[in-house]
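S.K.: The following block contains the structure, expressed as structure tokens.
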Amino acid sequence: MTAFDGLGQGFLVAFEPGNLLAVLVGVVLGTVIGVLPGLGPTATIALLLPITYSMDPTASIIMLAGIYYGSMYGGTITSVLLRIPGEAASVVTAIDGYEMTKKGRAGAALGISAIGSFIGGTITVIGLTFLAPVAAKAAIMVGPPGYVALMVGGLFLVATIGSGSKLRNLSMAGVGLFLATVGQDPISGVPRFTFGSPYLLSGLDFVAIAMGLFGVGELLHTLERTERGQLVMTKIKGIWPKRDDLKRSAGPIARGSVLGFLIGILPGGGGVMSSLISYSMEKKISKHPETFGKGAIEGVAGPETANNASSTSAFIPLLTLGVPSNVVLAMLFGALMLQGITPGPQLITEHPAVFWGVIASMYVGNLILLALNMPLVGIFVQLLRVRPSYLVSIALVIVLLGAYSLGNNAFDMVLVVVFGIIGWIMLKTGFDPAPLVLAFVLGRILETSFRKTMLISGGSLDIFLRDPVTLIVLALIVGFIIFAAVRRLRGRTPRSLAAVVAQSTAQTAPSPADDDVVAFDLKETEHDQR
Amino acid sequence: MSAHVDEMTTDTEAVPPPRRTPWQKRVPDAVLLLLVGAAALQALRLPLGSPSDPGPGMWPLVTTVFAVVTAGICVVRPPEGSERFTRRSWLVLLAALSLILYIMIFPVVGLTVSTALLFLVWIRYFFRERWWATLIAAIAAPIAFYVVFVVLLDVPFPADILDIIFGRGRT
């Protein structure tokens, strides 16, 4: 089957009424949670996992994918208007986007983001359409040792590229792998770490862990930091960019699309990383780098295009290799597993409706998002009137009721709250739950592949050195370590790019004393707008 | 997850680190080290098998030893990045307690009553909204949840007072 046949079949699936509804719900929800600070795509997908349980597999993945790339659009809105990134990938947009708002050009910033996101998203889906089947074909040749290397390498890169302490991230990944071993041993059937409890025999529930760490943990964190407060909003005018804006943005959008596509395929690449790299790249090649940080439209167009492109191409490793490249994709991986579908090279042949349906739905989803974010952006802006108190309470009850519905008993509710408290403590003490969840999701498959590899090789580790895939992954990791070491030796502070960007944002950010009251007045903006 | 403004500002206000690390900074990593250390000891009690045929204990041992090593380095050189505990942090403990109570009364009094009470506590006391705003939410939200989860999604929740109104009586 060629990519065209597959895509044709995919569109037939995507245009089924139930699936159209799923993509619409997904992208609207994605935009909404992108707008609402404090609730990102990971938490939202965690919240909705129990509901997808009863849905058709294709529809559920279409919806969850829509939430992910939809949130990339939505996150821009608060970055530009309030300098509060609705989700992490829009952090850099807050720099020049907010400066544009101060100059009364909020509309142009949002408009160019939507256009860039649409172009980046669509170009990447086209790339995905043609690359994914090829990649899936190649992936069939990957054997157990290759899989072990891919998963370990992926985990290593996600842990070390991500935010926070690399060592802590690595040890969280270790904990995640360990937690996945709780329950019956998949090969010998021996119960492990169950302490005689029948509840634990089937293993720790992925949904409970994800809902606890990301859902309840984040909500408790929001409660701690938010007192009563309300966001005051204004009307957005001039959403259609001017000819000059388009001319200046064409280059950044084109580069952002390619950059985002390439980075999204790499582990840890989707979203945040691509927008950071695009920003620094645009600043470097700009003839007027001094305008960056003072409302340069290039600093909005590039990163916004790149984060959308990368969030789409990040599906390639998931759909073809079965290796999620970041934590949001890990949630989708988990959602597929819940439906009894193991993502991997065989997905395209065994579940073509899921594979092509999801890809085709992305074309539709990006079109809907363009419509939502150009003429209808004003409606989403009104969402900022929702009080955090309502939002947190409602989300919390959804998590708890969802947990109950998992097994129709209160045990899962307790588990979710316990993991929620652990998640909050982790956030407070500087441990990122993302590597843990990513490792947990991969844990069982990784262990099985590892044991198979050892059986094949008769206990010798040489097998890893004879496998081409393993060698490539090893070379990547070694290269990465050398790169990091050289940078450190050359006296560059090992601080991440994110920290640098954060600092330049912070210089003009509202004082931290204002944090507990999330109230910003945009009256100033209103005056400035034409 | 989202990045927030206050996370960004911590960088600029960071004071130069003192030469000796205060012991409090080592606590989180030390706790983690104890936990994964205990897990590693538990893994040793399982049959390890041989390298050519790994038993059920081998992989847990590999992963926990890895965690022990990384956590151990963190105890010696604690990384930065923790948030300060404030007075509002105590609120989180109360909030967690309220969730436990919610789970305890949920099977007894049903979705509507327990959710209304949870909303009352959270919105009025934790978020300090006005009474009228609290009451509207505490009445409207449980009904909405009931309609979505019980009427539309047909989740078998414990008996509820709204069952009578919606004619969904169960034995």
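Throughout, read-outs are computed from the coordinates displayed, never taken from laboratory work. Note that the coordinates shown come from a computational prediction; the quantities given were computed from them, not determined experimentally. Cβ coordinates were reconstructed from backbone atoms using ideal geometry, including for glycine residues, and neighbour counts include every protein chain displayed.
S.K.: Would you tell me the mean number of C-beta atoms belonging to other protein chains that fall within 10 Å of each C-beta in B:66-74, as a whole number?
M.R.: Per residue, the average neighbour count from other chains is 6.
S.K.: With angles folded into 0 to 90 degrees, how steeply does helix B:23-44 sit against the dominant principal axis of chain B? Use alpha carbons for both and round to 10.
M.R.: Tilt of helix B:23-44: around 90 degrees.
S.K.: Shifting gears a bit: Using Cβ counts within 10 Å as a stand-in for footprinting exposure, how do A:GLU99, B:GLU83 rank, fewest first?
M.R.: B:GLU83, A:GLU99
S.K.: Then there's this: Show the residues, 5+ positions off or on another chain, whose built amide H is closer than 5 Å to the amide H of B:GLY49.
M.R.: B:GLY55
S.K.: Sorted by packing (mean other beta-carbon atoms within 10 Å per residue), highest first, where do A:138-149, A:438-449 land?
M.R.: A:438-449, A:138-149
S.K.: Here's another thing I want to ask about it. Taking amide H atoms as placed 1.01 Å from N in the peptide plane, list the residues 5 or more away in sequence, or in a different chain, whose amide H sits under 5 Å from that of B:ILE161.
M.R.: B:THR112, B:VAL113
S.K.: In terms of modelled amide H atoms, which long-range or inter-chain residues lie less than 5 Å from the amide H of A:ARG192?
M.R.: For A:ARG192, whose amide H was placed from the backbone, the distant partners under 5 Å are A:GLY183, A:GLN184, A:ASP185.
S.K.: Does chain B come out rounded, prolate or oblate by the C-alpha gyration tensor, with a ≥ b ≥ c the root eigenvalues, rounded set by a/c under 1.5 and, if not, prolate when a/b is larger than b/c and oblate if not?
M.R.: Oblate is the answer for chain B, as a/c is 1.5 or above yet b/c matches or exceeds a/b.
S.K.: Mean separation of Cα pairs under 8 Å and 6+ residues apart, divided by the residue count of the stretch A:1-82: what relative contact order is that in percent?
M.R.: Over the stretch A:1-82, the number comes to 43 percent.
S.K.: Exposure proxy check: A:THR93, B:THR63, A:THR349, A:THR226 ranked by fewest other beta carbons within 10 Å?
M.R.: A:THR349, A:THR226, B:THR63, A:THR93
S.K.: Under a Cβ-Cβ cut-off of 13 Å, what is the net charge of the residues other than A:GLN184 that fall near it, where Lys and Arg count +1 and Asp and Glu count -1?
M.R.: Within the 13 Å Cβ shell, the charges total 0.
S.K.: Hey, got the dipole for the stretch A:353-475? About the Cα centre, +1 on K and R Cβ, -1 on D and E Cβ, debye to the nearest 20?
M.R.: So the dipole magnitude of the stretch A:353-475 works out to roughly 220 debye.
S.K.: Something else now. Please tell me which of these pairs span more than 19 angstrom C-alpha to C-alpha: A:LYS102/A:LYS237; A:LYS103/A:LYS284; A:LYS247/A:LYS287?
M.R.: A:LYS103/A:LYS284
S.K.: Note down the magnitude of the dipole of the stretch A:257-392 about its Cα centre, charges +1 on Lys and Arg C-beta and -1 on Asp and Glu C-beta and zero elsewhere, to the nearest 20 debye.
M.R.: That gives the stretch A:257-392 a dipole magnitude of about 360 debye.
S.K.: Per residue of A:76-84, what is the mean number of Cβ atoms on other protein chains within 10 angstrom of that residue's Cβ?
M.R.: Average per residue, whole number: 1.
S.K.: Which of the listed residues, A:GLY293, A:ALA139, A:SER202, is farthest toward the dipole's positive end in the protein assembly as shown, when Lys, Arg count +1 and Asp, Glu count -1 at the beta-carbon?
M.R.: The listed residue farthest towards the positive side: A:GLY293.
S.K.: Still on this model: For a test of the definition: using alpha carbon positions, the gyration tensor, and the 1.5 limit on a/c, classify the protein assembly as shown as rounded, prolate or oblate.
M.R.: In terms of gyration-tensor shape, rounded.
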